[in-house]
1. If you line up the long axis of helix 148-165 against the longest principal axis of the chain, both from Cα atoms, how many degrees apart are they, to the nearest 10?
2. Roughly what angle does helix 339-353 make with the longest principal axis of the chain, taking Cα atoms, 0 to 90 degrees, to the nearest 10?
3. Note down the relative contact order for the chain as a percent, whole number, built from C-alpha pairs under 8 angstrom at least six residues apart.
4. Across 5 Å bins from the origin, how do the percents of Cα pairs in the stretch 388-482 run, short distances first?
5. Need one word for the stretch 358-408: rounded, prolate or oblate. Basis is the Cα gyration tensor (sqrt eigenvalues a ≥ b ≥ c); a/c below 1.5 gives rounded, then a/b vs b/c decides.
6. By accessible area of protein heavy atoms, probe 1.4 Å, what ranking do Leu460, Leu277 get, highest first?
7. Can you work out the Karplus-derived ³J(HN,Hα) for every residue in the stretch 50-63? Use 6.51 cos²θ - 1.76 cosθ + 1.60 with θ = phi - 60°, whole Hz, and x for glycine or proline.
8. List nothing, just return the count: lysine pairs in the chain, 8 or more apart or interchain, with Cα separation under 15 Å.
Amino acid sequence: MFVAMFSYYAEKWAVEWRLFLTVWLVCLFHLAPLTGANENRYLDLVRSIVDEGRFEIDTYHYNTIDKSYRDGHYYAGAAPGPAFLAAPVYLIFRAADPFLPASLFGQFDKASHIRGYLKGHDAPDAFVAAYPFGKFLLSHLLLTASTCSLFAALIAVVLYRISRQVGRSTTESLFIGLACVFGTTIFYYSTRLYPHVLGAGFAFFAFALIVLPRLRSSSISPIRCVLAGLFLGMAALMDYAVAPAAGLAGLYVLLTLCDRRILFAVLGGLAPIALLLVYNTVCFGSPFKTAYGFPNGPVDDGTHVYYTHNFHGFSLPPINQLWGLSFGFFRGIVWYVPVTVLAVYGVFKALREKPSFRLEWRIVAGIAVAQFLFNAMMHPNYWIGGYEFGPRFLTPMLPFLLLGLAFSSGLWTKARPFTISAIVVSGLINWIGVQYAPSNSLSGVIAMFLLSGPASPLYLFERNYVATYTDWQVTISPWGGY
């Protein structure tokens, strides 16, 4: 019976399965092995929860500057959701731990990595000597593959399903699904253990659970309501920066249901929200205090000092930040994701021409505007998102915004060559970024690509490791590595 059901759904959703596996495997190929401060805050928390049964990350806190300090203990400096999501997978990794060589990548210069790249200047010699660098590297690959990369593939499939539902052809829907991942910053943040794709995915899935029955003119079942609430709660647990997108997606759920089914949605969201409140209470003394309200260390506020300025680090958006996030070459969404220009056009077209779904398009437009302003209102030293690729805090709006490509028929008739060209250009830009980022500028990653050719983060790490730390007389070209 199980085999028959599997065969039925495999045949029924054959295109979706192929799309899912294609996106997932491409993301796996580009996984970044070397961890930074953001990835380590989650890896530290996962290890603390599973290995030590606590939320304090004291054991490995020197490997990240993105942490919070309270009452003599260190905590991950962000929402804990990604670590909670990755913890079951880490159990599998831990089961394999006895079979892994203790000296994996043992020649690597851990001292320079921790005290230089990770800025753990105060890391004592004993910590550096005992630091399991190779196991952090392998666990990062596994946890990222099973969370962020997986969610990127699911986002592509959901966008494909919505596109097909509104009348786009299979080919057009595939272009839209692929564009959402490979043509946006979702690609980069699906190859590293960051919260943005996870938060965006959960918020978008909640929206899709309600909008798909609406498009089919069918009823919305109670289980969909429960799952929508659960996903919205999970979005909040993953990433605080997803608040504008998740909040408006939640408003859409409430406005669409408008009956006792709202209770199902509320019930679904209670568990992840309760988990977040308990975590905050245990770690920070109050359910409504977060990691950002505490310094990075006992004598250094670190980057968290930004959140003490104005209203928790937010203020009216300066003109230079509005420009910088839109058309500025340093972090402008137009340069990093050119296809968003067409997506915005599609959203406004749908607002005018799809009166029966005006609520949906007002919500989508509202998410884009709110997420953009949310990012622009951040502290002048924080809105750029640090030394990373593109405007990362705009990532949660991208799956919603690219719905504009699905609902505008004109983009696939009169403007079809232009639409496909924009998708391809966006894909090239973000593919280059995945290979050579993190970089503090778009021009930097393009220059590295032009000078060195195609690569991958894993290849670059292996090439540098072989050349620097071994006696192997092997030269691997970028083309060979690719």
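1. Orientation of helix 148-165: about 10 degrees from the principal axis.
2. Rounded to the nearest ten degrees, it is 30.
3. Working: 790 pairs, mean separation 83.2, N = 482.
Across the chain, relative contact order equals 17 percent.
4. Here the calculated profile for the stretch 388-482 is 2, 11, 15, 17, 15, 13, 10, 7, 4, 3, 2, 1.
5. On the way: a/c = 4.74, a/b = 1.98, b/c = 2.39.
It is oblate, given that a/c is not under 1.5 and a/b is not larger than b/c.
6. Details: Leu460 30, Leu277 60 Å².
Output order, biggest surface exposure first: Leu277, Leu460.
7. Couplings: 7, 7, 10, x, 8, 8, 5, 9, 4, 4, 10, 5, 5, 8 Hz.
8. On the way: Lys67/Lys119; Lys67/Lys289; Lys110/Lys119; Lys110/Lys135; Lys349/Lys414.
Close lysine pairs found across the chain: 5.
The values are calculated or read from the model by the stated rules, or taken from the named source; none is laboratory data. Worth saying up front: this structure is predicted, and the values here are computed from it rather than measured. Just the protein is used for accessible areas: all its heavy atoms, side chains included, with ligands, DNA and RNA removed. Shrake-Rupley method; radii C 1.70, N 1.55, O 1.52, S 1.80 Å.
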